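Read-outs: derived from the displayed coordinates by stated rules, not from any lab. What you see is a predicted model; the values in this text were computed from it and never measured. For neighbour counting, all protein chains shown are included, and Cβ atoms are generated from backbone atoms with ideal geometry for every residue, glycine included.
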Ligand SMILES: Cc1ncc(COP(=O)(O)O)c(C=O)c1O
C-alpha cells in the first residue's frame, strides 16, 4: 500500500481523519463482533449517557515506523489493562484485551498509508475510547456502550524542538483521594480545561497539581507524569494513588534501572524538595519526555540547574534510550514492541 502524500515533517499534534476506524457495540450484555468503518461520524441518542453524565474513558498510544521499516506499537497491552481499570471504575464493560490488541493492529494495517515514515518525527496516534450510548435521565449507568479506536498521524508534540517548560503550582485540584485521578476518564480532562486555560493566560506552559488532601506533595500535570533527577543521579517519580499510571513513566523507570544502571525511586515527592533536584521533566506518550526548566510557586521561582535551553543530561539519556527502543534503533525489553505485519 502506498503512503499518502502528506507533508509528514510539518504535521502538528492534532486530529486528522484517516480512512478507517474500529467500532464495536455492547448491547444486551455482550460485545458485537465489531467492524472497521469509513464513516467518521457517531450517531447516538440525544440523551446518551455520555452526553448527560460523561460516562466515557479513553486511551492514547502510538504506532511507529522503525529504522528498518517495520510498523510497531509500543506496549499496547498496558493501555488495554489501564482502560479495563477505567471501565471498571466507571461501570462500563471491559473490551477483551486480546480483541483490543487485535483491533489496534488491524486498524494500523488498514490505515497503513497514514503511518508516518521513519525519520519524519511523526507517528500514528491511536485513540481507543468508550462511551455510554444508550439514553439515561436519572443518574445511573447506561446499558449500551460503544468502543471505538481512531487513528491520526501526528507530528512531534513540540514543533520547535524540545524547549524546557515553565510550570506553575496550581491552586485547582485535579483528583481527590479515592476519586478518579488514577483512571483515564474524560471527566478528569473536562474539569482540567479551566486550569490549563488560566495557566496559559498567565504565561505558563502547564500546571503542577498537588495532592488535594494536604497540598504538600507533587502529583502530575493535566496530561503527563513528573520525573526528577537528584543531584547524585537518582531517578525519582512521584508515587500516588491519585495520578494516572503513565506507560511512559513506568517504561522510563525500567530503562533507568535495568538499562542505564541508575538508582530509581518511586516515592512521595514533597513540593518543598523541588529546589533540591538537578533535573525535572514531564513524561507521556505524546512527547515522551519534555524537560521542565522552572516551577513557579505563587511568585517564588524554582529554577532547575539544567536551565531553560536544553534537556538535562540524564533526562536526555533516558529520552534517547526510550525513543531508541520505540524506533527500533536499540533492542527492546521482552514484550514491549508489538509488530504489525503489513
Ligand atoms: C493525566 C495524565 N498523566 C499521565 C499521562 C501519560 O501517560 P502515558 O505515558 O501512558 O501516555 C497522561 C497521558 O495519557 C495523562 O493524561
TODO: Could you calculate the contour length gain from residue 254 to residue 102, that is, 0.36 nm times the residue separation minus the distance between their Cα atoms, to one decimal place in nm?
DONE: 52.1 nm
Task: Tail fraction, Cα-Cα pairs, region 165-326, threshold 23 Å, whole percent - done: 32 percent
TODO: May I have the pair-distance distribution P(r) for region 83-223, computed from all Cα-Cα distances with 5 Å bins from 0 and rounded to whole percent?
DONE: 2, 8, 13, 14, 15, 17, 16, 11, 4, 1, 0
Task: Stretch gain in nm, segment residue 341-residue 5, where the contour uses 0.36 nm per residue and the Cα spacing is subtracted - done: 118.8 nm
Task: Quarter of Cα convex hull surface for region 81-155, i.e. mean projection, nm² - done: 6.2 nm²
Task: Sequence ranges 328-341, 63-76, ranked by mean other-Cβ count within 10 angstrom, highest first - done: 63-76, 328-341
TODO: Calculate, for residue 334 and residue 113, the FRET efficiency according to 1/(1 + (r/R0)^6) with r their C-beta to C-beta distance and R0 30 Å; round to the nearest 0.05.
DONE: 0.45
Task: Diffusion constant of the chain at 20 °C, which comes from Stokes-Einstein with the Kirkwood Cα-pair radius and 1.002 mPa s, µm²/s - done: 102 µm²/s
Open item on the list: Can you give me the orientation-averaged projected area of the convex hull built on the Cα atoms of region 8-154, in nm²?
Closed with: 8.8 nm²
- [ ] Extending each Cα 7 Å along its Cβ direction at residue 88 and residue 143, get the distance between those two points in nm, one decimal.
- [x] 2.4 nm
- [ ] Jot down the radius of gyration and Dmax of region 8-79, Cα atoms only, both in angstrom.
- [x] 16.3, 49
TODO: Quickly work out the residue 239-to-residue 216 label distance, labels modelled 7 Å from Cα along the C-beta direction, and quote it in nm with one decimal.
DONE: 1.7 nm
Open item on the list: Taking R0 as 25 Å, what FRET efficiency do you get between residue 172 and residue 77 from their Cβ-Cβ distance, rounded to the nearest 0.05?
Closed with: 0.15
TODO: Provide the gained length on full extension for the span residue 42 to residue 300, in nm with one decimal, where the gain is 0.36 nm per separating residue minus the Cα-Cα distance.
DONE: 88.2 nm
